[in-house]
Amino acid sequence: MEDGSKGPTYFLCDVVRTLDALDEEASQLNIVISDEYEAGRYYRLTGDVRLAFKREALGSAHVFRLPFHGGVFCDRTFKDAVEAAGIVTAKRSNGLWFEDVVNC
C-alpha cells in the first residue's frame with residue numbers, strides 16, 4: 001500500500017475442478033498404488049514424464065486438477081493468455097511456473 005502497510009492478498013485463481021482426464025495408457029509416468037494415499041494411488045511426476053490427456057474428459061476446461069495428484073494443470077490457451085497479459089515474462093514468473101508435460 002502507499003502508506004507501507006500490507007494490503008490484502010489476492011490470488012489469480014483457486015482451482016477446484018478435478019477431472020479424471022489423464023490417459024494412463026498413453027502417458028509415461030510413475031503411478032504409485034498404496035493405501036497410504038487417500039485415493040489409493042498417486043501420480044508421481046518426477047523423472048522422464050510425458051502426460052497425455054483424454055480430450056473428451058477435458059471438455060472445455062482450461063485449468064484443472066487430477067484426482068491422483070495435487071498439482072494444477074492448464075492447457076496452451078490458458079498459458080498463452082497468462083503470458084499475453086504480461087503476468088509471466090521471460091524475466092519474472094510472478095509466482096507462476098509452467099512446465100510442459102504434455103506428450104504432443
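Each value in this text was obtained by applying a stated rule to the coordinates, not by laboratory testing. From a predicted model like this one, the values you see are computed outputs, not experimental measurements. We place every Cβ from the backbone using ideal geometry, glycine too, and count neighbours over all the protein chains shown.
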Worksheet item: Quick one: Debye curve from the C-alpha atoms of the range 1-101, no solvent, what's log10 I(q)/I(0) at q = 0.17, 0.25 Å⁻¹?
Response: -0.91, -1.45
Item to complete: Would you calculate the separation in nanometres between label points at Glu2 and Ala39, each defined as 7 Å from the Cα along the Cα-to-beta-carbon direction?
Response: 4.7
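Please work out how much length the chain gains when fully extended from Glu99 to Val15, using 0.36 nm per residue of separation minus the C-alpha to C-alpha distance, in nm with one decimal. Show your work: numbers first, answer last.
Numbers: separation 84, 0.36 × 84 = 30.24 nm, distance 1.72 nm.
Going from the current span to full extension adds 28.5 nm.
Loop-only check: which GluC sites (Glu not before Pro) in the range 7-104 are DSSP coil with at most 11 other Cβ within 10 angstrom?
Details: sites: Glu24, Glu25, Glu36, Glu38, Glu56, Glu83, Glu99; in loops: Glu24, Glu25, Glu36, Glu38, Glu99.
Within the range 7-104, the qualifying GluC sites (Glu not before Pro) (loop, at most 11 other Cβ atoms within 10 Å) are Glu25, Glu36, Glu38, Glu99.
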Practice prompt. Counting other Cβ atoms within 10 Å, keep those with at most 15, restrict to DSSP loop, and tell me which trypsin sites (Lys or Arg not before Pro) in the range 1-50 are left.
Written response: Lys6, Arg17
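Are there chymotrypsin sites (Phe, Trp or Tyr not before Pro) in the range 1-83 that DSSP puts in a loop and that have at most 12 other Cβ atoms within 10 Å, and which ones?
Of the chymotrypsin sites (Phe, Trp or Tyr not before Pro), the ones in loops of the range 1-83 whose Cβ has at most 12 other Cβ atoms within 10 Å are Tyr10, Phe11, Tyr37.
Counting Lys and Arg as +1 and Asp and Glu as -1, what is the net charge of the other residues whose Cβ lies under 13 Å from the Cβ of Ser34? Working shown, then result.
Values: positive: Arg41, Arg44; negative: Asp35, Glu36, Glu38.
Neighbour charge sum, excluding Ser34 itself: -1.
What value, in deg cm²/dmol to 500, does the helix sum -39500 (n - 2.57) over DSSP H runs of n ≥ 4 give at 222 nm once divided by the residues of the chain?
On the way: 2 runs with 13 residues, N = 104.
For the chain, the value works out to -3000 deg cm²/dmol.
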